[in-house]
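Notes follow once the structure below has been shown.
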Amino acid sequence: MENSFVLKGNVCYSISPGELALAANSYLVCEEGLCAGVFQELPEQYRRLPLEDCTGKMILPGLVDLHVHAPQYTFRCLGMDMELIEWLSHYAFPEEAKYSDLIYAEKAYGSFVEDLRRGPNTRAAVFATCHVPASLLLMDLLEASGLVTLVGKVNMDRNSHPDLQEADARTSIRDTEDWVSRALKEKAYRNTEPILTPRFIPSCSDDLMVGLKEIQRKYGLPLQSHLSENKGEIAWVRELCPAAANYSAAYDHFGLFGGEGTPTIMAHCVWMEEEELELMEARRVFVAHCPQSNMNLASGIAPIRRFLNRGIPVGLGSDVAGGCHTSIFRAMSDAIQVSKLYWRLLDQQAAPLTIEEAFYLGTKGGGAFFGKVGSFLPSYEFDALVIDDSGLRAPYDLSLSQRLARIIYQPDRCAIERKFVRGRDILRIDS
Ligand code: GUN
Ligand code: FE
């Protein structure tokens, strides 16, 4: 059987936000790309499968980045003295304009994808730029990497850099439909899918939003965007959409705020009104919590405890280049740390996130956007990391939960030895 094997080692995965499964020296079975279970003793029916002995190593689900900008990888760590709107016009927009040049795009996207392949993330929801050829090139590179991704050609027909902005709503819609149909029919990717990507309300005219809803209906596509990241941005949305009760309502006006059959990710959600949370809960809109970006751009602290209490789905995002680090281990430790400041400084009812909760958000929480992903429960897709954490050993015995905490806080001291996506080891793909 292709794609069927057994790993033996210390297996750790989330069952729910508060419940972590820790199975020392156990067998993790992959059957045709899906997880068949975790066992103390290997059941008879799996004894003929190839066994990889990873005794002493940690085996974790692959991590999920629910929000990353591929073209911004080139200027990560720069411009961190600005807030969102200024940073977009000084850094993000001029850099993204360069992706009209496919030679530049190939060089830049090549290093982004290669670094992602080697890191701990196995899945990502990715923003490209508004350029169709470069967006397809990024999808080709991601497909070749073995990672599983949702990729969006960005829509932006107003309030942007003259070299970047699309000519008008018609052009943007025509290009989007061209890109979607090429991605779905001509390319027929296995691991790479299109996701509609209106950049945010200030970048998209009403006509463009109406056209995107039509494309969504026609092709049944998911959608990703930004929501309530920065106070200046929110004031701007209020000016642009005076009839909308809040920022979420500005998307909802066009039918672009989740609901049955239209899975939606909104990045940030820092400054949210109570009615917006009600709507997110009812529509099952995913929050991509991007704590490092929210610190770097001085945006604020998202009220993650409020989202979790309501049962709103939440995952973690790097938001490169708002964030500097692609690794979702870093987003986990940042999420815990900012939640402590939120509790201490803003709301004593909002208990800080635990390690178990942060690990859940970066695996099964965000993974839910991709289906049964981010855990080793039976029938989950087999995305797994085999980690050598011997660089973190202490002069006393560490429990598995202590080792997991150290990996989350100091991933740079660990080595990823194997990285499986849908049962395939993508570190062994030659590049
Ligand atoms: N809002 C609109 N575009 C962007 C972007 O590129 N990065 C971030 N952090 N927020 C945005
Ligand atoms: Fe972003």
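Values in this text are rule-based calculations from the coordinates and carry no lab data. Predicted model only: the values in this text are computed from it and were never measured. Counting neighbours? That spans all protein chains shown, and the Cβs are built from the backbone with ideal geometry, glycine included.
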Worksheet item: Which condition number does TYR219 fail, the rest of (1) buried (at least 17 other Cβ atoms within 10 Å of the Cβ); (2) away from ligand 2 (no atom under 16 Å from the Cβ); (3) aromatic (Phe, Trp, Tyr) being met?
Response: (1)
Discussion item. Checking the condition touching a Phe, Trp or Tyr at 6+ places or on another chain (Cβ under 6 Å) and of a type in the set (D, E, K, R), which residue from GLU95, GLU41 passes?
Written reply: GLU95
Worksheet entry | Filter result (within 16 Å of ligand 2 (Cβ to nearest atom) and over 21 Å from SER145 (Cα atoms)) within segment 91-131 | TYR91, ALA92, PHE93, GLU95, GLU96, CYS130
Worksheet item: From the residues in segment 97-126 that are more than 30 Å from ARG413 (Cβ to Cβ) and either among the aromatic types (Phe, Trp, Tyr) or within 20 Å of the chain's Cα centre (by Cα) (or both), which one is surrounded by the fewest Cβ atoms within 10 Å (Cβ to Cβ)?
Response: TYR104
Practice prompt. With respect to ARG310, determine if the residue is basic (Lys, Arg) and either closer than 13 Å to VAL270 by Cβ or within 16 Å of ligand 2 (Cβ to nearest atom) (or both).
Written response: no
Worksheet item: How many residues are hydrophobic (A, V, I, L, M, F, W, C) and away from ligand 1 (no atom under 12 Å from the Cβ) if we restrict to segment 69-79?
Response: 2
Worksheet item: Got at least one residue in segment 291-302 being out of contact with any strand residue (DSSP E or B) (no Cβ under 6 Å at 6 or more places or on another chain), surrounded by 23 or more Cβ atoms within 10 Å (Cβ to Cβ) and under 21 Å from GLY374 (Cα atoms)?
Response: yes
Worksheet, complete the sentence: Requiring at least 3 residues that are within 13 Å of ligand 1 (Cβ to nearest atom), the helices (runs of 4 or more DSSP H) wholly within segment 248-339 are 291-296
Item to complete: Given the conditions (1) more than 16 Å from ligand 1 (Cβ to nearest atom); (2) within 30 Å of ALA183 (Cα to Cα), report the number of the one that LEU227 does not fulfil.
Response: (1)
Response to the item:
Per the filter on segment 60-81, residues surrounded by 24 or more Cβ atoms within 10 Å (Cβ to Cβ) and either within 16 Å of ligand 2 (Cβ to nearest atom) or part of a strand (DSSP E or B) (or both) are LEU60, PRO61, LEU63, VAL64, ASP65, LEU66, HIS67, VAL68, HIS69, ALA70, PRO71
Fill in: SER318 touching a helix residue (DSSP H, G or I) at 6+ places or on another chain (Cβ under 7 Å), buried (at least 21 other Cβ atoms within 10 Å of the Cβ), on the phi < 0 side of the Ramachandran plot and among the polar types (S, T, N, Q)
yes
Item to complete: Among the residues of segment 135-160, write down those that are assigned to a strand (DSSP E or B) and away from ligand 2 (no atom under 16 Å from the Cβ).
Response: VAL148
Item to complete: Taking the residues in segment 317-328 that are farther than 13 Å from LEU88 by Cα and more than 12 Å from the chain's Cα centre (by Cα) as candidates, determine which candidate is nearest to ligand 2 (Cβ to nearest atom).
Response: GLY323
Worksheet item: Among all residue pairs at least 6 apart or on different chains, which show Cβ distances below 7 Å where the first residue, located in segment 197-217, is farther than 14 Å from HIS253 by Cβ and among the hydroxyl-bearing types (Ser, Thr, Tyr) and the second is within 16 Å of ligand 1 (Cβ to nearest atom) and not in a strand (DSSP E or B)?
Response: THR197/LYS153; SER203/MET156; SER203/ARG158; SER203/ASN159; SER203/SER160
Item to complete: Could you tell me which numbered condition LEU147 fails, if it satisfies all but one of (1) in contact with a Leu (Cβ under 7 Å, 6 or more places away or on another chain); (2) within 30 Å of ILE85 (Cβ to Cβ)?
Response: (2)
Fill in: Exclusive hit being within 15 Å of ligand 1 (Cβ to nearest atom) and over 22 Å from the mean Cα position of the chain (by Cα), set ILE234, ILE201, ILE215
ILE234
Worksheet item: For PHE369, are the conditions met, namely being within 16 Å of ligand 2 (Cβ to nearest atom), assigned to a helix (DSSP H, G or I), buried (at least 23 other Cβ atoms within 10 Å of the Cβ) and hydrophobic (A, V, I, L, M, F, W, C)?
Response: yes
